Amino acid sequence: MSKSTVAHITNNPDEPVTFFKQITEAAKKQSTEDVIFMNLATIDEEFGVLNRTVVYRGLSDDNCIIYVTQRFTRNFKNIQANAKCGITFFLPNVVVPLQGQDPAIWQVRLIGATAEELPESQLDEWWNKELLSAQIRDHIFPCGQPVNYVELVEKHDRFLHDHLESKVPLQRPATYTAFKFRAQRWDFLKVGSGQIADRVQYRRLENGDWQSMHVST
Ligand SMILES: Cc1cc2nc3c(=O)[nH]c(=O)nc-3n(C[C@H](O)[C@H](O)[C@H](O)COP(=O)(O)O)c2cc1C
C-alpha cells in the first residue's frame, strides 16, 4: 500500500549550533568514518558559482564552522574576493536520539555564511591535527595545476622518505590557512523513507538572537 507521512523535527534547541552538534555527533557515532564532509559554494569570477566537497574540521571557540585550505586554491581566491558562501552538509541514514528512533536523511545548510580567515596565531592548532598525507599534499602538490603524474609520485615518495628520516614534524607552510563561517540562517531538513520533509530554519535577529520556525519543504 502506498503511504505518505510528514517528517517532524521536534524540541529543537534554541541555538542552531547545538542542534548541529547533536546531528553531527550522532552521524559520527553511527558511521565507520570519523570524518564529516560538507559542500562549499563560492562566487567565482569565471564560472559564476563554484562548489566543491571539503572536510568539516570542527568548530571554533566561538562555535563557527572551520574550513581548511591553501592560499593558492581557487576557492581561497573566491573567498578573498567575496566572503559570502553557501555550505551544505548531507548526512544520510542518521538516528538523532532526541528526534525519534527512525533513521532519516539530514541536510544542514548555512545560508549567507560569511567567511573570516583565522589569524596566524590560531593556524598551528589546526595544522597539527592534519593527517600526514594532507600535510604532504599541502607542501608539494600544486592544487589545480596540470602535472606529470609519475613525477609527482616520485616527488611525494622522496618527500615522505626525507621526512621520515629527519624525524622532525612537518612545519606549516605559509600557504596553509583556515576560515570560520558565521551564518545569517541555519536550515535543518529531516526526511525519512516515504515522507515529506520537515524543515526548521533559524534566522539571526538584529540583536544576535536566533528565531526558529518550521518552513515548508
Ligand atoms: C572528500 C574530499 C575532501 C576534501 N577536503 C578539502 C579541504 O578540506 N580543503 C580543500 O581545500 N580542498 C578539499 N578537497 C578538494 C576540493 O574538493 C577541491 O577539489 C579543491 O579545494 C580545489 O577546488 P577549487 O579549484 O574550487 O579551489 C576535498 C575533496 C574531497 C573529495
Simple spin-label estimate for Leu98 and Ser166 in nanometres, 7 Å along Cα-Cβ: 4.6
Unsatisfied cross-links (Cα-Cα over 27 Å) in the set Lys29/Lys155; Lys29/Lys180; Lys28/Lys77; Lys3/Lys28; Lys21/Lys180; Lys77/Lys129: Lys29/Lys155; Lys28/Lys77; Lys3/Lys28
Extension reserve of the Asn11-Thr32 stretch, reckoned as 0.36 nm per residue once the Cα distance is removed: 4.8 nm
Separation of the Asp124 and Gln184 label points, Cα + 7 Å toward Cβ, nm: 3.8
Under the Karplus curve 6.51 cos²θ - 1.76 cosθ + 1.60, θ = phi - 60°, whole-Hz ³J(HN,Hα) for region 92-103, x wherever Gly or Pro sits: x, 6, 10, 9, 9, x, 7, 10, x, 9, 8, x
Axial C-alpha extent at least 15 Å, average Kyte-Doolittle at least -1.0 - helices from the chain (DSSP): 16-29, 149-166
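Calculate the FRET efficiency for Arg71 and Thr18 from the Cβ-Cβ distance with a Förster distance of 35 Å, rounded to the nearest 0.05.
0.60
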Förster radius 30 Å - calculated FRET efficiency between Phe90 and Glu45, Cβ distance, rounded to 0.05: 0.65
Residues with amide H under 5 Å from that of Ala113, placed H, sequence gap 5 or more: Cys85, Ile87, Gln184
Distance between modelled label sites at Glu116 and Ile140, nm, 7 Å Cα→Cβ extension: 3.8
Computed lengthening from Leu132 to Glu154, 0.36 nm per intervening residue step minus Cα-Cα distance: 6.2 nm
Chain lengthening between Asn207 and Val55 when straightened (0.36 nm per residue, less Cα-Cα): 51.6 nm
The chain, relative contact order [Cα under 8 Å, separation at least 6], %: 25
Euclidean distance of C-alpha centroids, region 100-151 and region 5-80, integer Å: 10
Value of [θ]222 nm, deg cm²/dmol, for the chain, DSSP H segments ≥ 4, -39500 (n - 2.57) each, nearest 500: -8000 deg cm²/dmol
Nonlocal amide H pairs with Tyr56, under 5 Å, H built at 1.01 Å: Ile36, Phe37, Met38
Efficiency of FRET between Ser193 and Asp62 - r from beta-carbon atoms, R0 30 angstrom, step 0.05: 0.20
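Readers should treat all values here as calculations from the given coordinates under stated rules, not as data from a laboratory. Because the structure is a prediction, the values reported are computed rather than measured. Cβ: placed from backbone, ideal geometry, glycine included. Neighbour counts: every protein chain shown.
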